[in-house]
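Visitor: Mind having a look at this structure? Questions to follow.
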């Protein structure tokens with residue numbers, strides 16, 4: 001509205017009280033700023049000289065009055081209103097024109113005392129430097145029953161200068177962005193909450209991962225101890241078979257041989273039964289010796305992995321008819337008993353699987369000494385694993401039977417890696433163990 005003699009009209013789209021548009025008959029005393037007041041009120045033109053411009057000026061007033069953003073023009077250092085549009089009034093919850101007619105900004109907005117707006121207006125008028133404020137917090141008495149209500153405003157205060165360049169008034173343009181600010185803050189709060197929840201979940205996952213790692217480490221240690229206990233028991237049983245049963249059978253064989261010498265004149269049938277008993281004792285002694293060596297070859301402790309594997313491969317080839325090629329570096333060093341026992345058991349179990357399942361006539365064993373690891377490969381040329389069985393092994397590490405699972409557990413207990421590659425041309429068991437050669 002323009003302050004002065006008023007004539008009213010209804011504006012399309014406005015559902016509130018009738019809006020007053022002021023003509024060029026001011027009712028306020030613009031004091032030293034009469035030129036600014038007259039220009040604003042009359043549009044700066046003479047109706048007789050420029051009727052087209054007067055019509056355009058009125059249309060512009062209508063457009064400004066309908067503008068959704070709050071627009072106002074003030075005159076003088078007290079910032080007395082010269083023009084305001086309806087958005088300026090409704091933004092502060094005002095519905096009466098008296099709140100602005102002939103009043104200063106401070107008189108129209110007493111609730112803004114102590115907030116940064118008045119100081120900004122004074123600063124622009126004094127320095128002539130425009131002010132731009134983004135999302136400034138304001139409190140208007142526009143809530144239910146005139147209660148305080150917080151709003152957020154984008155403000156532009158632009159100085160208006162006279163012909164000599166002196167500041168004589170201000171153009172005040174304000175856009176309320178409360179909904180945008182509150183929506184953004186709601187999103188920020190939601191994002192922060194989501195971040196907190198995500199961090200909590202990640203923390204729980206990390207904690208659970210640590211627990212699983214500890215459980216896995218405990219299981220690995222227990223599995224290693226179990227395998228060590230099995231190896232110790234095999235060593236004990238092998239020693240008992242060799243030292244006890246083997247010695248008893250040797251004594252029986254010696255006694256039978258002595259009896260055979262003393263009964264030279266006995267019947268042929270008695271002599272034949274005696275020879276059969278001696279032969280059975282020899283076979284039994286041989287079987288027990290073989291069983292004892294398979295349980296725990298003494299060469300593994302006495303001469304090391306190379307000698308034990310050579311002895312075992314030679315005996316396996318004779319018993320199974322499978323040709324085995326053993327590739328071991330000639331200068332292979334000794335390793336810890338746990339590593340040498342693990343490698344021997346891997347080779348032993350792999351050859352047993354080849355004999356039972358692959359139908360291969362050839363097997364190849366290769367040992368590779370690395371700087372800090374020992375690699376073992378056992379290959380055959382038989383029928384490999386079915387694709388679905390191998391896929392299950394890739395996912396869970398499980399295969400039918402206990403042989404492969406036992407090998408995997410033994411290698412895991414030594415922090416090694418175990419893998420199986422199988423196809424139409426055969427199967428390869430690949431093992432790598434971190435080792436340190438013994439001096």
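Bear in mind these aren't lab numbers, they're just calculated from the coordinates by the rules spelled out. This is a predicted model, so every value here is computed, not measured. Backbone-built Cβ (ideal geometry, glycine too); neighbour counts: all protein chains shown.
Visitor: Could you tell me how far the Cα centroid of the stretch 218-235 sits from the Cα centroid of the stretch 304-355, in Å?
Guide: 21 Å
Visitor: Find the relative contact order for the stretch 177-296 and round it to a whole percent, using C-alpha pairs within less than 8 Å whose residues are 6+ positions apart. Each step should come with its number before you reach the end.
Guide: On the way: 39 pairs, mean separation 41.3, N = 120.
Contact order relative to length: 34 percent.
Visitor: Order the peptides 100-109, 55-64 from the highest to the lowest mean number of other Cβ atoms within 10 Å of their residues. Can you show the working numbers first?
Guide: Numbers: 100-109: 18.1, 55-64: 13.9.
So the peptides 100-109, 55-64, ranked by packing, come out 100-109, 55-64.
Visitor: Still on this structure, please answer the following. May I ask you to sort 311, 81 by Cβ crowding, counting other Cβ atoms within 10 Å and putting the fewest first?
Guide: Values: 311 16, 81 24.
Going from sparsest to densest Cβ surroundings: 311, 81.
Visitor: How big is the gap, in Å, between the Cα center of the stretch 129-164 and the Cα center of the stretch 179-204?
Guide: Taking the Cα centre of the stretch 179-204 as reference, the centre of the stretch 129-164 is 30 Å away.
Visitor: Another question, then. List the relative contact order of the stretch 293-404 as a percent without decimals, with contacts defined as Cα pairs under 8 Å and 6+ residues apart.
Guide: Reported relative contact order: 22 percent.
Visitor: Can you give the Kirkwood hydrodynamic radius for the stretch 297-439, in Å, rounded to one decimal and based on Cα pairs?
Guide: Details: mean 1/r = 0.0646 Å⁻¹.
With all distinct Cα pairs of the stretch 297-439 included, I get 15.5 Å.
Visitor: Follow-up. Assuming R0 = 35 Å, can you tell me the calculated FRET efficiency for the pair residue 290 and residue 210, based on Cβ-Cβ distance, to the nearest 0.05?
Guide: Values: r = 48 Å, r/R0 = 1.38.
Working from the Cβ atoms, E equals 0.15.
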